[in-house]
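Trainee: Below are the structure tokens for one structure; questions will follow.
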């Protein structure tokens with residue numbers, strides 16, 4: 001663990017200024033997520049995480065071959081990074097979405113392979129968060145196809161979408177925690193919902209997950225007592241408790257200082273590597289995207305203006321992309 005114990009991601013109020021490193025150390029992607037989990041709960045937590053990793057690896061391998069996706073969606077062929085030839089874990093194909101006369105998404109197509117991270121970039125109001133809400137079934141597209149693990153989710157009933165949400169979970173900007181129950185109860189909720197664990201095991205997993213994300217010992221606090229950064233940390237712990245195959249992060253670094261954004265990026269990367277998680281990260285921060293992304297999709301005026309690697313984006317001479325990169329480099333005076 002590279003952040004100080006007892007300091008939540010996105011919250012430096014409890015950390016003296018003199019203790020804040022000028023250049024935060026990067027945690028290796030293979031550094032165990034449970035390295036600093038308390039010894040009394042480590043065995044249960046390690047077994048819990050190992051089961052999640054094995055399930056996600058099997059899930060990725062089981063996705064049906066969908067190699068025609070790239071051509072059908074007008075993209076330059078899906079180059080799969082996994083050893084076996086498998087289709088995307090998540091894909092948008094010619095998706096349209098409007099609110100009245102305002103067109104948010106216009107013929108949007110992109111994909112995410114199993115175990116990869118896609119960052120959705122673009123200015124405010126271009127449909128980044130709307131894309132995540134469509135994936136979660138909170139919004140329905142006007143037309144087009146949205147596939148998760150080879151299944152078309154457009155047109156699914158709410159009960160069917162609940163099954164999809166067991167595989168794909170979302171970390172909202174505000175955490176979206178249940179305000180009337182404690183932090184520990186929030187994290188325990190998906191564990192109890194599954195009903196596969198004894199109560200003492202649930203409590204051990206809750207303690208370990210909170211330690212992993214930097215909010216150790218806060219089980220009995222209410223969400224209203226937490227800072228924005230702490231709420232986001234708890235939301236990540238709750239997402240992990242569901243043992244998902246994919247996690248969607250909506251602007252995870254909004255209202256987070258640069259040090260904690262760096263540490264949060266380390267955590268997301270380690271979750272990807274060690275749990276074989278498929279991830280989509282909505283962000284406006286190109287440097288954060290470069291840290292995480294296997295590919296990025298850049299939305300502009302409702303369309304996919306670019307889909308490729310961050311290196312290809314930086315090398316592009318497209319004026320829209322170059323303007324975005326130039327604005328991203330701006331640093332406000334202290």
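Trainee: In the list 143, 131, 109, 98, which residue meets the criterion of being surrounded by fewer than 22 Cβ atoms within 10 Å (Cβ to Cβ), within 20 Å of residue 283 (Cα to Cα) and either in contact with a strand residue (DSSP E or B) (Cβ under 8 Å, 6 or more places away or on another chain) or modelled with pLDDT under 95 (or both)?
Mentor: Exactly one residue qualifies, and that residue is 109.
Trainee: Return the residues of the stretch 146-161 that are surrounded by fewer than 19 Cβ atoms within 10 Å (Cβ to Cβ) and either within 30 Å of residue 255 (Cβ to Cβ) or touching a helix residue (DSSP H, G or I) at 6+ places or on another chain (Cβ under 6 Å) (or both); say none if nothing qualifies.
Mentor: Residue satisfying the conditions is 161 alone.
Trainee: Only one of these conditions is not met by residue 120: (1) crowded, with 18+ Cβ neighbours inside 10 Å; (2) farther than 29 Å from residue 209 by Cβ. Which number is it?
Mentor: (2)
Trainee: If you go through the stretch 113-127 one residue at a time, do you hit one that is without any contact (Cβ under 8 Å) to a residue 40 or more places away in the chain, touching a strand residue (DSSP E or B) at 6+ places or on another chain (Cβ under 6 Å), part of a loop (DSSP other than H, G, I, E, B) and over 29 Å from residue 218 (Cα atoms)?
Mentor: Checked the stretch 113-127: no residue is without any contact (Cβ under 8 Å) to a residue 40 or more places away in the chain, touching a strand residue (DSSP E or B) at 6+ places or on another chain (Cβ under 6 Å), part of a loop (DSSP other than H, G, I, E, B) and over 29 Å from residue 218 (Cα atoms).
Trainee: Taking the stated definitions as given, is residue 179 under 24 Å from residue 251 (Cβ atoms), at pLDDT below 95 and either over 20 Å from the mean Cα position of the chain (by Cα) or part of a helix (DSSP H, G or I) (or both)?
Mentor: For residue 179, the condition - under 24 Å from residue 251 (Cβ atoms), at pLDDT below 95 and either over 20 Å from the mean Cα position of the chain (by Cα) or part of a helix (DSSP H, G or I) (or both) - is met.
Trainee: Can you tell me which of (1) surrounded by 18 or more Cβ atoms within 10 Å (Cβ to Cβ); (2) assigned to a helix (DSSP H, G or I); (3) out of contact with any strand residue (DSSP E or B) (no Cβ under 8 Å at 6 or more places or on another chain); (4) in contact (Cβ under 8 Å) with a residue 24 or more places away in the chain is the one residue 137 doesn't meet?
Mentor: All conditions pass for residue 137, except number (2).
Trainee: Taking residue 331 as the residue in question, decide whether it is out of contact with any helix residue (DSSP H, G or I) (no Cβ under 8 Å at 6 or more places or on another chain), at pLDDT 90 or above and either within 17 Å of residue 131 (Cβ to Cβ) or in a loop (DSSP other than H, G, I, E, B) (or both).
Mentor: The answer is no for residue 331.
Trainee: Right, here's the next one. Residue 190: over 20 Å from the mean Cα position of the chain (by Cα) and on the phi < 0 side of the Ramachandran plot, yes or no?
Mentor: Here the answer is no, as residue 190 does not meet what is asked.
Trainee: Counting only residues that are in contact with a helix residue (DSSP H, G or I) (Cβ under 7 Å, 6 or more places away or on another chain) and either touching a residue at least 60 places away in the same chain (Cβ under 8 Å) or crowded, with 16+ Cβ neighbours inside 10 Å (or both), how many does the stretch 190-211 have?
Mentor: The total comes to 11.
Trainee: Kindly state which strands (runs of 3 or more DSSP E) lie completely within the stretch 214-309 and contain at least 3 residues that are in contact with a helix residue (DSSP H, G or I) (Cβ under 7 Å, 6 or more places away or on another chain) and crowded, with 22+ Cβ neighbours inside 10 Å.
Mentor: By residue number, 246-250, 278-282, 295-300.
The values are calculated or read from the model by the stated rules, or taken from the named source; none is laboratory data. All values derive from a computational prediction rather than experimental measurement. Please note: Cβ atoms are built from the backbone with ideal geometry, for glycine as well, and neighbour counts cover all protein chains shown.
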